[in-house]
Amino acid sequence: MENIKNVTSNHHSTESLKTMALTGMLVAITLVMINTPLGRITLPIVSVTIAHIPILIATLCLGLGSGLIVALVFGMASLFIALTSPASILDPFFVNPLVSILPRLLIPVTTYGVIKLCQLIGKKKRAAIYNVLAIIVGNLTNTFGVYLMLYLIYAKAILEKSGTPAITLIITAISTSTLFKCIVVVLITTPIVAVISKQINK
């Protein structure tokens, strides 16, 4: 009995160390992506931000806790960039944690929620489909979460700075890029999640 307990304990320790190591790696990748051109893919039609992909991978492969850690780092990095080197007219608004951090923390929450709901009402054989749905919802959470907070808090300030109503800017941004972003993020994230999940479950 004691040997069984020791084996179980060692197994849990190994799993915990593996989770911590992978979470740390995804945090590092996030920091690299958000601070370099690697976090963005420029297509002929639109520029697609992919720096939040490690959040989706962490949540789907390692669980909600890891997803929240990576999301928090992403949000804090966004806030730091807004403070030190704002590049666009909207960047200064990201010094507010409600814009830079809160929407990013919601990414793993909605992603994890979709997976758990699908597992509850669906079949295990459709895990790949559930992952795709979760990735889409997580990606949309990032897009709509940020824009919603910008509108709720800074609609007037955006109008004063740009001369264009905030809702007009937001609708334009969403309508021209959201579909392409979803497609690109799903195509990149899905195979990575499949490979990492397979390695973890060995």
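The values are calculated or read from the model by the stated rules, or taken from the named source; none is laboratory data. Nothing here was measured: the structure is a model prediction, and the numbers come from that model. Using ideal geometry, Cβ is built from the backbone for each residue, glycine included, and neighbour counts are taken over all protein chains shown. To get the accessible areas, we keep the full protein, side chains included, count just its heavy atoms, and leave off ligands, DNA and RNA. Shrake-Rupley method; radii C 1.70, N 1.55, O 1.52, S 1.80 Å.
Cβ-Cβ distances below 7 Å connect the following pairs, each with a first residue in region 140-160 that is open to solvent by 50 Å² or more (accessible area, probe 1.4 Å), a second residue that is outside any helix (DSSP H, G or I), and a separation of six or more residues or different chains: Ile153/Asn96; Leu159/Pro165. With respect to Leu169, determine if the residue is at pLDDT below 90, assigned to a helix (DSSP H, G or I) and farther than 20 Å from Val48 by Cα. In short, no. If you check Leu72, Leu60 for being open to solvent by 20 Å² or more (accessible area, probe 1.4 Å), closer than 19 Å to Val137 by Cβ and in a helix (DSSP H, G or I), only one passes: Leu60. Looking at region 13-33, can you tell me whether even one residue there is outside any helix (DSSP H, G or I), modelled with pLDDT of 60 or more and touching a Phe, Trp or Tyr at 6+ places or on another chain (Cβ under 6 Å)? No - not one qualifying residue is present in region 13-33.
For region 110-123, taking the residues that are part of a helix (DSSP H, G or I) and open to solvent by 70 Å² or more (accessible area, probe 1.4 Å), the one that is nearest to Leu150 (Cα to Cα) is identified as Tyr112. For region 161-189, a residue qualifies if it is over 23 Å from Gly39 (Cβ atoms) and crowded, with 19+ Cβ neighbours inside 10 Å, and exactly one does: Ala166. For region 34-48, taking the residues that are under 21 Å from Val70 (Cβ atoms) and open to solvent by less than 70 Å² (accessible area, probe 1.4 Å), the one that is modelled with the highest pLDDT is identified as Ile34.
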